[in-house]
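Below is one structure; the comments refer to it alone.
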Amino acid sequence: MTRTDRSWLVWILLGALLFAGAALWLGPVALALVVWLALWGLNTVVAGRGGARFLAPVLFGVTLLILWELTVRLLEVPTVILPAPSQIAQAFAANTPTLWADFVQTVLKGALTGWLIGCAAGIATAVLVARSDFLRRGLLPVGNFMAALPIVGTAPILVMWFGFGWESKAAVVVVMVFFPVLVNTVAGLADTQAMQRDLMRTYGASPVQTLRYLALPSALPFVFNGLKIATTLALIGAIVAEFFGSPTVGMGFRISTEVGRLNLPMVWASITVAALAGSLSYGLIALLEARLTFWHPSQRARR
Amino acid sequence: MTDITAPGAAIGRTPLLFRIAHAAGPILAVVAGLIAFWYLACIPMNAAQSALEAERAGAELTTTAADRRTMSGLAVAFEHPTEAVAHAFVQERPRLPAPHQVMVELWDTTVGQDPTSRRSLVFHAGITLGPTLLGFAIGSGLGILLAIGIVHSRVMDLSVMPWAIASQTIPILAIAPMIIVVLNSVGVQGLIPKAIISAYLSFFPVTVGMVKGLRAPSQSDLDLMRTWNASALRTLVSLRLPSSLPYLFASLKIAIAAALVGAIIGELPTGAVRGLGARLLAGSYYGQTVQIWSALFGAAIVAAGLVALVTGIERLTLRRMGLAR
């Protein structure tokens, strides 16, 4: 940014003028466009300054929200198609207890239980398999293949087996999460250099010690990669499984029934909860990754 | 591990057949193990039904149907081992169909049927393939454009990239039904809504892969372009795009598999009667487990075929560009 400090003020003034002009003379579409341009200009200015790493994305998000609200109000989009953010916020505030119950049922009981079991099973299997080169060469392609399959499709089968409760959702999550975690962990455990393994041998380290001090730490970046994929998959699995049968509580149940009643603000409130849960759990894993694999180049580069 | 030879030293001399066996052997062993486990699992899973069928056939059992309802499948299988094994693999509606039952159903519904008939799985796969490919094309096109924008503009990098990542933590697949129903209520039907979901799912891997790929050229290569006074467009076309291709293909493989998942999920909510997802749904409504499993395997085969197709194009392209390994 080569501009002087005062120039951004001019931009904002210009934007405000254009905004007023557009509101008076042009249709709502042009108004939305002008708002977009003005906020984008502001973002350009912000991106050139300190603290942009946090401010720029926030500003972009706010821009989207304002545009959404503007478009819905000015174009008078029916609520059935797309509710405004303010309507969604109202629905969210009015139905907090319901949304909380859904959250507990789907995320805490279904997704979290399944995620824990699936990830533990995936990592444990990987540790067992990694000892044998033969099994590893056989399991990696098969696991990669399975990870690419539409495993969500097993949801109707598992709902048939485990009933409508949260257990079947946890089962779906286990199946979905298992292969990505397995494949990533196996790949990670193999990611040690011959020199490092030789060093462990000269120390007279037992296989367990080699695993504890060499293979597991160097596998961590890969494991976290798998865990991150797993968090998103877990939520998807738990919600989609509810479409095939569920008690009268749960986020998937809420979304499908409220869509049926065309109560779209409530649907979007549920989606907001899902998005928050997804982003938060992803953030938690990323935070844990930064703490545990601070030595890895991908983490160091950020500082 | 204990070989004295240097890695790769013998590759030139190894016969082709031996190399194939070396690569395929472990895979076949693992697949065989999985199938064996599947057959074993069928016995306790289907035990209750097996015992019932044995009773109907006139066998005297020590337990009644009411007893068995309170027992687990494993317990029933141990109580009546012969009946459980004899009837486990031939049931009409098993809880877990045996692999050969699924294969027979798969064969009957693909080769045994006219591909244009509704009973044919090929027909349903074709219905699902349409939105998959359309969504894949839209999604990867958008992904590439977005990546080019992100690489060239610091503002976009800072403000859009975090949201592109955050958008993936939203369980989009879970709101797919809503998109379908809402678009349906506005009158948009058929291919487009499913393609939108496929596009959304496939755009992200492509964006991330392409951003990485477009930034792959080394600083000295970029400097060289600058000494030639190359414009940003020229650098993009002559340097960045060619060197991003390996990254692009890696992410295209993920994207096309994701697009198929999107198209299948997209078929669920409208009560569609055609497509692989519709077969899954119909199978789960009527308890036709064999049909569900065959639809699942059909989807798996389609996914494998699509990924293989992308891999083939990748090999061809990279070889012609001299980038092949």
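The values are calculated or read from the model by the stated rules, or taken from the named source; none is laboratory data. All of these numbers come straight from a predicted model, not from anything done at the bench. Quick reminder, even Gly has a Cβ in these numbers, built from the backbone with ideal geometry, and neighbours come from all protein chains shown.
Values as computed for the structure displayed
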{"quantity": "Single residue of B:Val261, B:Val206, B:Val237, B:Val273 found to be away from chain A (no Cβ under 12 Å) and buried (at least 23 other Cβ atoms within 10 Å of the Cβ)", "calculated": "B:Val206"}
{"quantity": "Hits in the stretch A:136-157 - residues which are farther than 23 Å from B:Ala32 by Cβ, among the small types (Gly, Ala, Ser) and at the interface with chain B (Cβ under 7 Å from one of its Cβ atoms)", "calculated": "A:Gly153"}
{"quantity": "Residue check for B:Ala137: small (Gly, Ala, Ser), assigned by TED's automatic domain parsing to the domain that holds B:Val273 and part of a helix (DSSP H, G or I)", "calculated": "yes"}
{"quantity": "Cβ-Cβ under 6 Å pairs, at least 6 apart or on other chains, the stretch A:241-254 side closer than 15 Å to A:Val107 by Cα, far side crowded, with 24+ Cβ neighbours inside 10 Å and basic (Lys, Arg)", "calculated": "A:Ala241/A:Lys169"}
{"quantity": "Unique residue being assigned to a helix (DSSP H, G or I), of a type in the set (Phe, Trp, Tyr) and touching a Gly at 6+ places or on another chain (Cβ under 9 Å) when the list is A:Phe164, A:Phe179", "calculated": "A:Phe179"}
{"quantity": "Qualifying residue in the stretch B:51-65 (condition: within 13 Å of chain A (Cβ to nearest Cβ) and either within 27 Å of the chain's Cα centre (by Cα) or closer than 27 Å to A:Ile157 by Cβ (or both))", "calculated": "no"}
{"quantity": "Residues located in the stretch A:158-178, provided they are closer than 21 Å to A:Val127 by Cα and either more than 12 Å from every other protein chain (Cβ to nearest Cβ) or surrounded by fewer than 24 Cβ atoms within 10 Å (Cβ to Cβ) (or both)", "calculated": "A:Val174, A:Val175, A:Val177, A:Phe178"}
{"quantity": "Qualifying residues in the stretch B:98-134 (those that are within 17 Å of B:Gly305 (Cβ to Cβ) and small (Gly, Ala, Ser)) - the one nearest to the chain's Cα centre (by Cα)", "calculated": "B:Ala125"}
{"quantity": "Test: residue in the stretch B:233-253 that is farther than 25 Å from B:Arg315 by Cα and either assigned to a helix (DSSP H, G or I) or free of Cβ contacts under 8 Å to residues at least 24 places away in the same chain (or both)", "calculated": "yes"}
{"quantity": "Every pair of residues 6+ apart whose Cβ atoms lie under 6 Å, when the first sits in the stretch A:223-239 and is over 14 Å from A:Ile117 (Cα atoms) while the second is among the acidic types (Asp, Glu)", "calculated": "A:Phe224/A:Glu289"}
{"quantity": "Some residue of the stretch A:104-111 being surrounded by fewer than 18 Cβ atoms within 10 Å (Cβ to Cβ) and within 30 Å of A:Ile229 (Cβ to Cβ)", "calculated": "yes"}
{"quantity": "Given (1) in contact (Cβ under 8 Å) with a residue 24 or more places away in the chain; (2) of a type in the set (A, V, I, L, M, F, W, C); (3) under 19 Å from A:Lys109 (Cα atoms), number of the condition A:Trp161 does not satisfy", "calculated": "(1)"}
{"quantity": "Residue in the stretch A:234-247 that is of a type in the set (A, V, I, L, M, F, W, C) and surrounded by fewer than 19 Cβ atoms within 10 Å (Cβ to Cβ) present", "calculated": "no"}
{"quantity": "All positions within the stretch A:83-102 that are in contact with a helix residue (DSSP H, G or I) (Cβ under 6 Å, 6 or more places away or on another chain) and either in a helix (DSSP H, G or I) or surrounded by fewer than 20 Cβ atoms within 10 Å (Cβ to Cβ) (or both)", "calculated": "A:Ala84, A:Pro85, A:Gln87, A:Ile88, A:Ala91, A:Phe92, A:Leu99, A:Asp102"}
{"quantity": "Residue within the stretch B:29-49 that is assigned to a loop (DSSP other than H, G, I, E, B), under 33 Å from the mean Cα position of the chain (by Cα) and at pLDDT 75 or above present", "calculated": "yes"}
{"quantity": "Filter result for the condition that a residue is among the acidic types (Asp, Glu), assigned to a loop (DSSP other than H, G, I, E, B) and out of contact with any strand residue (DSSP E or B) (no Cβ under 9 Å at 6 or more places or on another chain), over B:Glu83, B:Glu105, B:Glu92", "calculated": "B:Glu92"}
{"quantity": "Residues (surrounded by fewer than 19 Cβ atoms within 10 Å (Cβ to Cβ) and either modelled with pLDDT under 80 or facing chain B (nearest Cβ under 9 Å) (or both)) located in the stretch A:118-135", "calculated": "A:Arg131, A:Ser132, A:Asp133, A:Phe134, A:Leu135"}
